[in-house]
Amino acid sequence: MHFMVRDTAAVRKGEELGAEALAGYLKGKLDGADAGVAIEQFPGGHSNLTYLLRAGEREYVLRRAPLGPVAPKAHDMAREFRILQAVSPHFPEAPRPYLVCEDPAVIGAVFFLMERRRGVILRDQIPTDIASQPDHPRRISEAFVDCMARLHAINLEQHGLLALGKPSGFIERQVSGWTERWQRSRTEDLAEMEAVAGWLAARIPASAAPSLVHNDYKLDNIMLRPGTVDQIEAVLDWEMTTIGDPLADLGLTICYWSWANAPEVRVAGIPAITSRPGWYSRDELLERYAAKTGRDVSHIGYHEVLGIFKLAVIIQQIYYRYWRGQTSDDRFRDFGQRVKAMARLAADLAEKYS
């Protein structure tokens, strides 16, 4: 999405925005737009489409939903804009949003513009300048956990953020909502997914005190400040952020972090950097989070299973669009097999934590 060196590319065929209509809409609304706009694309990510707009001397990031029909309430760009409006004054790592357009006639979808941050996003490889810094895996691990702890420490009432979600019944809604998403997007019956959905519904735990929940906090959704390994420049992808149980956030993060090299998850295309020597283990991540927040993480297993279930549904939703012919992006061809592997892992973990 946002890399330090040549992080953008030419816009993918079929994902063009319509520069003339966009420039006409932005005139008088955005600094620099009167001079016209130049558009490139951030090629990372499997979901929302993200572009770089150059308008005069200014640079902006534009986000819009993926092409084709999308699941109800998914890819809500207007909501992400409002979340960033509310959160960015109190959390420096959240990019500042500038403008939202809720008229899909302009470029074919609702979109918003936010500030461009510059930094390094870690995916499959560690850049040389970071790899050369001593003890970089531990330092990045700690910065990653500490940033999440800061997000979860924001005072919701003091900053008027309670309206971003409904903490009461949060886990129940997570389980029912993700189960419904599975039902709507499945392309074949998977007994493991049905079993895990039932397991989750039958074991809903008491919730921790509510906090902001990013709902997609993972290594490749954070940006390191240039030249550093222990400072977070930005946290990205806020569309699913809400108010709820912070342990649900932590549970999903563990899935991305700790299971990245498990065969079942490796096929899900998750970067496996964190499984290499020197990076925090699952238990070290949990211990540091508990020390920073004072929260009890002893029953995190439930949230881990929920996290893998959610991840399987997200991959299935992407595959469903491909299966229906709503996108021709060949990267999604084997996502159905990835979902099966994730379902097996979720079922195995549910059995372990029963």
> Just one of the numbered conditions (1) at pLDDT 95 or above; (2) surrounded by fewer than 17 Cβ atoms within 10 Å (Cβ to Cβ); (3) closer than 16 Å to Val313 by Cα is not true of Trp182; which one?
Replying inline: (2)
>> For region 289-313, give me the residue count where each residue is without any contact (Cβ under 8 Å) to a residue 24 or more places away in the chain and closer than 19 Å to Val213 by Cβ.
In response: 2
> Mind checking which residues of region 216-239 are surrounded by fewer than 20 Cβ atoms within 10 Å (Cβ to Cβ) and of a type outside the set (D, E, K, R)?
Replying inline: Asn221, Pro226, Gly227, Thr228, Gln231
> Are there any pairs with C-beta distances below 7 angstrom linking a residue in region 21-37 that is under 15 Å from Phe112 (Cβ atoms) and touching a residue at least 24 places away in the same chain (Cβ under 8 Å) to a residue that is in a loop (DSSP other than H, G, I, E, B) and among the β-branched types (Val, Ile, Thr), with the two at least 6 apart or on different chains, and if so which?
Replying inline: Leu22/Val106; Leu22/Ile107; Tyr25/Val106
> Is there a residue in region 164-174 that is touching a Gly at 6+ places or on another chain (Cβ under 9 Å), in the same structural domain as Asp296 (by TED's automatic domain parsing), in a helix (DSSP H, G or I) and without any contact (Cβ under 8 Å) to a residue 60 or more places away in the chain?
Replying inline: yes
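Would you be able to say whether some residue in region 130-153 is of a type in the set (Asp, Glu), free of Cβ contacts under 8 Å to residues at least 60 places away in the same chain, in the same structural domain as Gly251 (by TED's automatic domain parsing) and not in a helix (DSSP H, G or I)?
Within region 130-153 (the criterion being of a type in the set (Asp, Glu), free of Cβ contacts under 8 Å to residues at least 60 places away in the same chain, in the same structural domain as Gly251 (by TED's automatic domain parsing) and not in a helix (DSSP H, G or I)), the answer is no, since none of the residues qualifies.
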>> Regarding region 210-218, can at least one residue be identified that is of a type outside the set (A, V, I, L, M), over 19 Å from Met342 (Cβ atoms), part of a loop (DSSP other than H, G, I, E, B) and touching a Pro at 6+ places or on another chain (Cβ under 8 Å)?
In response: yes
> Pick from region 232-244 the residues that are touching a strand residue (DSSP E or B) at 6+ places or on another chain (Cβ under 7 Å) and assigned to a loop (DSSP other than H, G, I, E, B): which of them is nearest to Arg203 (Cα to Cα)?
Replying inline: Thr241
> Within region 121-165, can you find the residues that are in contact with a strand residue (DSSP E or B) (Cβ under 7 Å, 6 or more places away or on another chain) and exposed (fewer than 15 other Cβ atoms within 10 Å of the Cβ)?
Replying inline: Pro127, Ile154, Leu162
> Can you name every residue in region 27-82 that is over 28 Å from Asp330 (Cβ atoms), in contact with a helix residue (DSSP H, G or I) (Cβ under 7 Å, 6 or more places away or on another chain) and either of a type in the set (A, V, I, L, M, F, W, C) or modelled with pLDDT under 90 (or both)?
Replying inline: Ala33, Gly36, Val37, Ala55, Gly56
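The values are calculated or read from the model by the stated rules, or taken from the named source; none is laboratory data. Just so it is clear, the structure is predicted and the values come from calculations on it, not from any experiment. As a convention, Cβ positions derive from the backbone with ideal geometry for all residues, glycine included, and neighbour counts pool all protein chains shown.
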